[in-house]
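Let me begin by presenting the structure, written as structure tokens, before commenting on it.
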Amino acid sequence: MSLKRLTVDRLAVEIYDTREAMGAAAGAAVAQKMIELLTVQDSVRMIFAAAPSQNEFLDALARAGSIDWSRVTAFHMDDYPGLPDAAPQRFSSFLKARLFDRVQPGRVHYLIPPASPLAGKGALWAMGDAVADACDRYAARLSERPIDIVCMGIGENGHIAFNDPPVADFHDPKLVKLVELEEACRLQQVHDGCFATLEEVPTHALTLTIPALIGARWLYCIVPGPAKREAVTRTLNDPVGTACPATILRRHPQARLYLDRQSAPRDPATEP
């Protein structure tokens, strides 16, 4: 049971005592929505985030019963060009281990396919047209049919996917693009234990844009931990704008934000 529920603009917020309870609640909600959709349509198209903040949620979703995963098409929202296929920091590797290998979706579209020119060691400048081709190919797959569900997080700098404040665009004409990562975003990868030092974190990434994410019918945003408290506070209280990209969630008609006690703002309106 949640400690507190509230609505900020159009964004529904649920706060739980622990990240385990938060993840379980989010997993149950997404599973229920998937089952509901699969009773009225032939398949479900979903986009997933890859980050330690999603661990409890992904585990709960993987253990949920009664989901026909063979009718699910899965995408992920960002990845690093230039890292080897087997690199644990690759977001495709993370989701494959945490979810896809466990539930076996009918189809998984990887932003950087195995053995592509972008999967392997190499300088970004040398990748040339491969970057543009990867973006265009993924955008085409995303556009084949509407996206039903996005499962996402919020970064320490307020980003969603890798749409950091300097590159975020609520009206981006592209669905997928190459971006330069803000230092605060790269530092988060160190804080999360994905890389040992800032120097090891790639400077660029491929990301789905904000319109690609917000265009989904349902958004489930899972954000635990004290490192995210400031970003959550800004998400719920700042003016809607790209200075804190996650504020756009407050305009979506079917978005839900899951927090634990440590990520919830210390504010009379939201503190349990």
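The values are calculated or read from the model by the stated rules, or taken from the named source; none is laboratory data. The structure presented is a predicted model; accordingly, all values stated were derived computationally and were not measured. Because the Cβ atoms are built from the backbone with ideal geometry, glycine has one as well, and the counts that use them run over all protein chains shown. SASA here: full protein model, heavy atoms, side chains in, ligands and nucleic acids out. Shrake-Rupley method; radii C 1.70, N 1.55, O 1.52, S 1.80 Å.
For this structure, a couple of remarks:
- As a summary of the residue check, F94 satisfies the conditions (1) open to solvent by 20 Å² or more (accessible area, probe 1.4 Å); (2) of a type in the set (F, W, Y); (3) farther than 21 Å from L178 by Cα except for the one numbered (3).
- Boolean, V108 is closer than 19 Å to M46 by Cβ, β-branched (V, I, T) and open to solvent by 30 Å² or more (accessible area, probe 1.4 Å): yes
- Of A134, A86, all but one fail to be open to solvent by less than 20 Å² (accessible area, probe 1.4 Å) and closer than 30 Å to V179 by Cα; the exception is A134.
- The set of residues from region 138-191 being acidic (D, E), buried (at least 16 other Cβ atoms within 10 Å of the Cβ) and farther than 19 Å from I47 by Cβ comprises E156, E182.
- Checking T197, T247, T209, T235 one by one, the residue that is in contact (Cβ under 8 Å) with a residue 12 or more places away in the chain and either open to solvent by 20 Å² or more (accessible area, probe 1.4 Å) or within 13 Å of the chain's Cα centre (by Cα) (or both) is T209 and no other.
- Any hit, region 2-22, residues being part of a loop (DSSP other than H, G, I, E, B), open to solvent by less than 40 Å² (accessible area, probe 1.4 Å), in contact with a strand residue (DSSP E or B) (Cβ under 7 Å, 6 or more places away or on another chain) and farther than 30 Å from L178 by Cβ: yes
- Test: residue in region 52-61 that is modelled with pLDDT of 95 or more, among the small types (G, A, S) and under 20 Å from C185 (Cα atoms): yes
- Any chance G65 is among the small types (G, A, S), surrounded by fewer than 17 Cβ atoms within 10 Å (Cβ to Cβ) and farther than 18 Å from W218 by Cα: yes
- Scope region 34-62; condition open to solvent by 30 Å² or more (accessible area, probe 1.4 Å) and either closer than 19 Å to M152 by Cα or not in a loop (DSSP other than H, G, I, E, B) (or both); matching residues: I35, E36, P52, N55, E56, D59
- Residue tally, condition touching a residue at least 40 places away in the same chain (Cβ under 8 Å), part of a helix (DSSP H, G or I) and either farther than 14 Å from P211 by Cβ or among the basic types (K, R) (or both), over region 139-157: 1
- As a summary of the residue check, Q89 satisfies the conditions (1) in a helix (DSSP H, G or I); (2) more than 22 Å from I67 (Cα to Cα); (3) at pLDDT 85 or above except for the one numbered (1).
- Filtering R217, R186 for residues that are in contact (Cβ under 8 Å) with a residue 60 or more places away in the chain and among the basic types (K, R) leaves a single hit, R217.
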